[in-house]
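The values are calculated or read from the model by the stated rules, or taken from the named source; none is laboratory data. Keep in mind that this is a model prediction, so the values were computed, not measured. Cβ: placed from backbone, ideal geometry, glycine included. Neighbour counts: every protein chain shown.
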């Protein structure tokens with residue numbers, strides 16, 4: 001007999017059995033409260049045509065979907081090893097949590113990393129380490145080129161772009177208050193400057209994307225009047241023009257009407273309860289020289305604040321065109337944020353996340369090489385934005401030429417993200433990536449903002465310790481010879497050999 005026939009036969013038999021027994025023992029009728037719903041579920045399963053499993057295996061077919069729903073949790077908590085978890089493995093998750101809570105972050109009994117596995121990386125140290133007392137405990141970089149009137153003295157590690165809307169108001173508040181307490185900057189993401197970005201009083205990097213949220217006309221084009229109004233806010237220290245992001249380069253987005261509340265609409269300068277499209281391209285410019293003049297326009301409208309661009313490297317020829325445009329127009333950004341193809345986001349097509357854009361280290365090394373070739377690197381600071389969880393992650397990017405680092409996922413974990421991978425469902429269980437008020441209530445801003453500051457302080461402390469161990473005193477002394485990469489069972493090569501300095 002087929003499973004559905006077994007179900008029908010069993011259901012009929014049980015009902016007949018209960019009916020007969022009820023003549024002698026009435027309490028058995030209470031069992032129908034459990035049995036009738038199961039029979040109704042089975043009948044519904046047989047009649048529906050959407051799910052073959054349920055149709056072929058009434059009632060018991062639901063267990064397949066139940067187990068599939070628990071699979072990510074089972075994988076994370078019971079199956080994966082300390083090194084296997086993705087996107088962030090357990091070792092780094094634990095490190096972030098420990099540093100955010102100011103707990104012991106040391107490890108016993110030696111490394112769990114296979115140091116003879118191809119891809120292993122390490123930093124060379126010196127026989128003559130520097131005294132840590134001689135090093136700056138809070139290294140910073142000055143961002144602002146020759147045309148910048150208001151340069152920004154930035155921490156070497158800041159919070160990467162995450163919009164209000166993608167993050168909850170409590171998450172944004174906790175990040176911003178943490179940035180204020182720790183003396184570092186918070187990138188708004190392309191969703192505009194929300195009240196929660198301002199309430200904490202932290203330094204802001206205002207990101208202007210293709211939707212021009214916070215500085216747009218009714219038609220969705222750039223509006224210089226609203227831009228100037230927002231750019232002049234004292235919390236805004238730098239402005240970043242987003243050309244593309246690593247998780248979905250060349251891909252636009254849509255804010256569905258259901259999520260476009262009156263609050264979000266006001267922040268983004270759009271009509272509430274309407275679909276809002278964020279195109280994959282800018283309408284304020286269409287070529288390299290146009291971008292340079294747009295940078296100049298924003299610099300003038302902001303009274304000389306640092307203006308930068310963010311991109312994930314795709315076509316190398318197009319970045320070379322940007323460099324040539326900088327030389328031809330004598331206009332250049334004050335900073336360039338390089339994102340990697342492995343970048344994170346709340347939601348992106350799988351093909352874009354997995355298969356578009358250069359990985360961070362390749363893209364970063366190319367950008368630095370190109371800027372040096374065109375003699376532009378002196379005035380332009382390069383910021384690397386990617387999977388940065390430890391001081392070594394920072395150092396290896398600086399070895400490739402980064403002046404500063406942006407991190408998003410580590411900062412999310414500092415305020416409680418557990419990598420539930422529910423960012424795109426509005427069901428984040430810890431209230432970080434959701435607009436569900438009942439879920440975001442669990443994120444205590446007054447508790448979590450201190451953890452953001454703690455994490456930043458502790459990773460910078462480890463960074464300074466590593467500098468000291470390498471015999472260095474400043475972050476700009478790190479270069480490609482300091483990082484070794486295993487390419488074979490008995491061969492380690494430096495980044496100097498691995499990443500060509502030619503363009």
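A few notes on this one:
- Residues satisfying the stated conditions in the stretch 286-297, i.e. within 15 Å of residue 328 (Cβ to Cβ) and in a loop (DSSP other than H, G, I, E, B): 287
- Considering the stretch 229-244, and only residues there that are within 16 Å of residue 294 (Cβ to Cβ) and touching a helix residue (DSSP H, G or I) at 6+ places or on another chain (Cβ under 9 Å), the residue that is surrounded by the most Cβ atoms within 10 Å (Cβ to Cβ) turns out to be 239.
- Taking the stretch 349-378 as the range and being assigned to a helix (DSSP H, G or I) and within 17 Å of residue 251 (Cα to Cα) as the test, the residues that pass are 350, 351, 352, 353, 354, 355.
- Residue match in the stretch 1-12 (condition: part of a loop (DSSP other than H, G, I, E, B), at pLDDT 90 or above and more than 22 Å from residue 419 (Cβ to Cβ)): no
- A single member of 190, 199 is surrounded by fewer than 20 Cβ atoms within 10 Å (Cβ to Cβ), under 30 Å from residue 417 (Cα atoms) and in the same structural domain as residue 333 (by TED's automatic domain parsing), and it is 199.
- Subset of the stretch 378-401 (residues that are over 19 Å from residue 341 (Cα atoms), in contact (Cβ under 8 Å) with a residue 60 or more places away in the chain and either more than 17 Å from the chain's Cα centre (by Cα) or surrounded by fewer than 18 Cβ atoms within 10 Å (Cβ to Cβ) (or both)): 379, 380, 381, 391, 392, 395, 399
- Screening residue 375 on (1) closer than 30 Å to residue 324 by Cα; (2) surrounded by fewer than 18 Cβ atoms within 10 Å (Cβ to Cβ); (3) in contact with a helix residue (DSSP H, G or I) (Cβ under 8 Å, 6 or more places away or on another chain) shows it passes everything except condition (3).
- Condition met for residue 97 (in a helix (DSSP H, G or I), outside the structural domain of residue 342 (by TED's automatic domain parsing) and in contact with a helix residue (DSSP H, G or I) (Cβ under 7 Å, 6 or more places away or on another chain)): yes
- The stretch 118-154: number of residues that are in a loop (DSSP other than H, G, I, E, B) and surrounded by 10 or more Cβ atoms within 10 Å (Cβ to Cβ): 19
- All positions within the stretch 347-368 that are surrounded by fewer than 19 Cβ atoms within 10 Å (Cβ to Cβ) and touching a residue at least 24 places away in the same chain (Cβ under 8 Å): 347, 349, 352, 362
- The stretch 6-30: number of residues that are surrounded by fewer than 11 Cβ atoms within 10 Å (Cβ to Cβ) and either under 58 Å from the mean Cα position of the chain (by Cα) or not assigned by TED's automatic domain parsing to the domain that holds residue 59 (or both): 2
- If you go through the stretch 132-153 and keep only what is touching a helix residue (DSSP H, G or I) at 6+ places or on another chain (Cβ under 7 Å) and farther than 30 Å from residue 231 by Cα, you end up with 132, 135, 137.
- Qualifying residues in the stretch 37-82 (those that are surrounded by fewer than 13 Cβ atoms within 10 Å (Cβ to Cβ) and within 26 Å of residue 17 (Cα to Cα)) - the one nearest to the chain's Cα centre (by Cα): 44
- Filter result (more than 19 Å from residue 374 (Cα to Cα) and crowded, with 22+ Cβ neighbours inside 10 Å) within the stretch 332-343: 339, 340, 341, 343
- For the stretch 289-308, the condition holds for no residue, the condition being that it is more than 17 Å from residue 227 (Cβ to Cβ) and out of contact with any helix residue (DSSP H, G or I) (no Cβ under 7 Å at 6 or more places or on another chain).
- Selected residue (criterion: modelled with the highest pLDDT) from residues of the stretch 298-331 that are crowded, with 24+ Cβ neighbours inside 10 Å and in a loop (DSSP other than H, G, I, E, B): 306
- As for the stretch 432-454, it holds at least one residue that is touching a strand residue (DSSP E or B) at 6+ places or on another chain (Cβ under 9 Å) and closer than 19 Å to residue 404 by Cβ.
- Out of 91, 28, 53, sole residue that is within 27 Å of residue 344 (Cα to Cα) and assigned to a helix (DSSP H, G or I): 91
- Subset of the stretch 250-285 [over 20 Å from residue 226 (Cβ atoms), without any contact (Cβ under 8 Å) to a residue 24 or more places away in the chain and assigned to a helix (DSSP H, G or I)]: 257, 258
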